[in-house]
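Where a number appears in this text, it was derived from the coordinates with a stated rule and is not lab data. Keep in mind it's a predicted model, so treat the numbers as computed, not measured. Here the Cβ positions follow ideal geometry from the backbone for every residue, glycine too, while neighbour counts run over all protein chains shown.
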Amino acid sequence: MNMKRINFGLGLVALLALSSCADDKFSEFRTDLTQNKKDYLYLNNYEPLKKYVQDLKDAGKCNPDFKLGVALTASEFNEQGIVYCLAGSNFDEMTAGNAMKYASCVDNKGVMNFDNVSSFVANAKDAGLTIYGHTLAWHSQQNNKYLNGLIADRPAPEEPGGDNMYIRYTTAAAGANPWDNQANYKLSEPLEKGASYTLTMKVKASEDCDIAFWPIWNASPNKNQWGGSNDVQYLDTYKATTEWTTLTWKFNAAFTHDMLQFCFGKLGGTIDFDDVKLVKDGSDDNLVANGDFTTDNISAWGSNWKGPSFAIKQGSGTSAGGNFCITYTTTKDGANLWDHQATYKLPKSLVQGAKYVLSMKVKSTSKTQFAFWPIWSASPNKNQWGGSNDVQYCESKDISSKWTTVKWEFEAQFTHDLLQFCFGTLKNGESVSMDDITLVKEGTEENLVEDGDFAQNATAGWGSNWQGPNFKCEKIGSGIPLTDKEKKEVLTTALDKWIDGMMEATDGYVTSWDVVNEAISGKAGADGFNELQHATNAPASDVANSFYWQDYLGDIDYVRTAVRDARKSFAEHNGDPSKLKLFINDYNLEGYWDKHAKLKSLIHWIGLWEDPNAEEPVVIDGIGTQMHVTCYGDATKQAKLQSDIEEMFKSLAKTGKLIKISELDMAYEDEAGTSVTFDKMTEEQHKQMRSFYTFIIQKYFELIPQAQQYGITQWCATDSPKDSGWRAGCPTGLWDSNYLRKHTYAGFAVGLGAPEYWKEAK
């Protein structure tokens with residue numbers, strides 16, 4: 001979980017403690033009376049929290065290696081001031097909120113800087129505190145610019161005559177059957193019957209269509225009624241789109257195929273093939289000669305009786321109209337669809353009542369709504385702001401970070417003289433790109449948008465609204481996309497480098513890690529278990545700020561790679577392999593929302609990652625449950641949550657793994673369902689939270705076997721400030737903002753075995 005920096009204020013007692021630290025490394029962190037709150041007097045009877053942990057260990061009531069932890073800001077701990085004192089006097093272990101995450105250590109050029117981490121480790125050693133590493137692999141708080149740059153298109157080689165070459169098939173008309181239009185390739189040597197093969201190719205069509213791959217034994221004596229071969233192997237049908245897409249077929253040859261046959265019978269238009277590769281398992285030899293069409297030799301290619309024509313073409317194909325598009329970048333956050341607009345002034349007005357078709361390619365930096373509203377700007381019918389009221393509201397379209405072709409068919413309600421495109425919900429700095437814009441009147445072919453493909457690198461006629469998004473032409477389509485395999489290889493190397501750098505910086509001192517953080521999504525897959533988080537199933541707000549390693553490394557290899565890297569690099573940098581503990585950490589495992597679906601899914605995935613039959617099996621030592629919980633004033637809701645927490649601990653115990661409450665903190669919701677900020681809390685509500693802390697910690701020790709008890713980490717030492725990025729204004733802490741103990745401190749201490757001193761309070 002992301003921990004934003006919480007500013008620690010210095011109260012009177014904190015200052016007193018700080019002065020003591022100068023003489024004694026860190027003092028016992030006690031409270032004093034403030035504002036005559038007599039109900040808080042009993043809190044002075046409590047010892048520092050870690051004293052009660054030691055009592056449990058001495059009595060044989062918990063794991064001797066149990067760690068009581070706190071999350072904090074590494075830089076503030078390194079100052080050896082108040083935060084240093086609090087941590088050292090009350091806790092055994094620390095988790096750095098952000099300092100050990102990828103984005104904190106890796107810059108835009110991939111240069112790693114671990115100076116803050118190294119200082120944190122050195123000061124932890126001096127203070128006698130262990131560190132829990134957070135986190136080695138995660139989709140959030142990554143350096144997206146650097147990582148996306150690693151998998152960006154390679155520059156295209158400079159070749160006489162232009163860009164990359166590919167083969168294009170042009171059909172005379174759409175057919176009624178899949179086999180009506182075909183491309184075929186004659187193999188120089190037949191395939192081996194029964195052998196395993198993989199065919200990959202890039203495909204792009206003038207419109208979305210089905211494409212099938214049917215390898216055939218053309219020389220077979222087994223003929224059909226038209227004299228062709230009956231010995232055909234019918235493989236899967238895929239979708240070809242208006243963007244280059246890589247398709248893959250894996251198959252065992254049913255015959256001694258001598259011809260590759262591609263069927264796109266229902267397409268009326270063009271279809272392009274590139275980088276066609278057919279390999280036998282265990283070999284790297286491409287059985288398709290000139291499959292990348294770097295030469296103009298296509299003598300082995302042909303077509304069927306319907307005779308689609310074919311020829312070598314040049315160009316990257318990423319933008320059908322050329323190498324430029326127009327991009328609008330917002331300068332402020334938007335709230336309404338109309339807040340950000342691109343406009344185009346038509347050279348001549350539309351005819352009222354005539355029918356038109358507008359088509360264009362569009363993409364955005366994040367998922368959003370994109371609307372087309374043609375307007376009669378010169379209309380005398382004005383609104384209160386002086387703009388035209390004569391607007392035609394066409395339907396909105398969903399767009400994303402991938403080029404999408406959108407189309408509107410409409411009958412002009414007015415003599416429109418301006419095209420208006422709206423994308424107002426984008427945030428400051430986000431952008432929309434448009435290309436290949438055509439507007440044609442029914443029965444004509446004239447494009448009413450001049451230079452709609454932006455081939456002239458010009459923006460004549462284009463403008464924006466009062467919110468003023470900036471716009472310019474930019475070059476596109478000049479690179480060569482990396483293959484999925486290439487992306488996986490380069491990112492695997494990047495993950496290796498990152499984990500090795502962190503292990504070198506911590507020099508064997510940090511023996512426990514969140515090796516993978518928050519991998520499980522909230523979406524159920526076909527097998528009933530939740531999928532891993534991916535760009536395709538995460539909220540748009542998360543996708544825009546995340547980098548999903550698993551999108552490229554794969555659901556299984558992502559985790560296995562991180563685990564293997566961690567164990568290898570830890571041992572290479574002075575670590576004792578027998579002491580290394582690697583955890584999978586996730587949130588919402590208490591299951592109040594989903595009947596423990598996420599927890600069950602996490603346990604399921606751990607079984608897949610640890611498959612003992614894998615070529616290189618891995619072991620995951622423990623599970624971290626974050627437990628960012630809410631204490632409910634509604635007794636029914638609170639009872640349900642507590643019951644679910646018990647069930648979670650029971651399920652976790654059954655795994656046999658080490659179990660850690662990794663990020664414990666608490667908010668409060670009253671009976672009406674309203675979140676209560678720390679300054680509005682009543683004494684009774686504080687005491688309810690006290691009881692809830694006691695419940696959680698007692699149940700942990702009761703239901704998690706001693707051998708599996710790794711530790712508990714309090715995520716927020718103090719209440720969260722109202723301007724915080726994490727649970728703003730919530731009563732999350734065991735101390736208030738002045739470092740005075742709260743009732744929750746007592747609840748936590750009692751959970752660890754301390755007396756209930758409030759019962760003795762007068």
(Q) At a 10 angstrom cut-off on C-beta neighbours, averaged per residue, how do the peptides 285-293, 513-521, 96-104 rank from highest to lowest? (A) 513-521, 96-104, 285-293
Q. Tilt of helix 555-572 relative to the longest C-alpha principal axis of the chain, in degrees (0 to 90, nearest 10)?
A. 50 degrees
Q.
Restricting to Cα pairs below 8 Å that are 6+ residues apart, what does the relative contact order work out to for the chain? Please round to a whole percent.
A. 15 percent
Q.
Per-residue counts of other Cβ atoms within 10 Å, averaged by peptide: what ranking do you get for 736-747, 209-220, highest first?
A. 736-747, 209-220
Q: Pairs of Cα atoms under 8 Å, at least six residues apart: use those to get the relative contact order of segment 165-314, whole percent.
A: 43 percent
Q) Given the alpha-carbon gyration tensor of segment 617-762, what are the semi-axes of its equivalent ellipsoid in whole angstrom, ordered largest first, with each equal to the square root of 5 times an eigenvalue? A) 27, 17, 16
Q. Where does the chain land on Rg(C-alpha)/(2.2 N^0.38 Å)?
A. 1.17
Q: Over the alpha-carbon set of segment 325-478, work out the extent along each principal axis and list the three values in angstrom, largest first.
A: 38, 37, 26
Q.
Sort 189-196, 267-274, 558-565, 681-688 by packing, meaning the average of other beta carbons within 10 Å per residue, with the highest value first.
A. 558-565, 267-274, 681-688, 189-196
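Please give the length that would be gained between LYS250 and SER283 if that part of the chain were fully extended, namely 0.36 nm times their separation in residues minus their C-alpha to C-alpha distance (nm, one decimal).
On the way: separation 33, 0.36 × 33 = 11.88 nm, distance 1.41 nm.
Gain on stretching LYS250 to SER283: 10.5 nm.
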Q. How far is helix 683-703 tilted, in degrees, relative to the longest principal axis of the Cα atoms in the chain, given as a value from 0 to 90 rounded to the nearest 10?
A. 80 degrees
Q | Cα-projected label distance for ASP65 with GLN706, points at 7 Å along beta-carbon direction, nm | A | 1.5 nm
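I'd like the per residue volume of the convex hull spanned by the Cα atoms of segment 154-246, given in cubic angstrom.
In segment 154-246, the Cα hull volume divided by residue count equals 174 Å³.
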Q) In the chain, what percentage of the DSSP-assigned beta bridges are antiparallel, given to the nearest 5? A) 70 percent
Q: Could you work out the Rg to Rh ratio of segment 165-314, with Rh taken as the Kirkwood radius (inverse of the mean 1/r over all Cα pairs)?
A: 0.94
Q | C-alpha long axis of helix 484-506 to longest principal axis of the chain, angle in ° | A | 20 degrees
Q) Label ASP333 and GLU572 with points 7 Å out from Cα along Cα→Cβ: what is the distance between them in nm? A) 4.4 nm
Q: State the Cα centre-to-centre distance between segment 220-244 and segment 732-762 in whole Å.
A: 75 Å
Q: Loop only per DSSP, at most 15 neighbouring Cβ atoms within 10 Å: give me the chymotrypsin sites (Phe, Trp or Tyr not before Pro) in segment 588-663, ordered by residue number.
A: TRP593
Q) Between ASN470 and ASN224, what length comes free when the chain is fully extended (0.36 nm per residue of separation minus the Cα-Cα distance, one decimal in nm)? A) 82.3 nm
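Test of understanding: what is the full-extension gain from GLU486 to THR459, defined as 0.36 nm times their sequence separation minus their Cα-Cα distance? It would help to have the intermediate numbers written out before the result.
Details: separation 27, 0.36 × 27 = 9.72 nm, distance 3.63 nm.
Gain in length upon complete extension: 6.1 nm.
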Q: Can you tell me the relative contact order of segment 539-627? Whole percent, Cα pairs under 8 Å, sequence separation 6 or more.
A: 32 percent
Q. What are the ³J(HN,Hα) values, in whole Hz, obtained from phi via the Karplus relation 6.51 cos²θ - 1.76 cosθ + 1.60 with θ = phi - 60°, for each residue of segment 384-397 in sequence order, with x given for Gly and Pro?
A. 5, 9, x, x, 6, 8, 8, 10, 9, 8, 7, 5, 7, 10
Q.
Give me the net charge for the shell around TYR632: Cβ to Cβ below 11 angstrom, other residues only, Lys and Arg +1, Asp and Glu -1.
A. -2
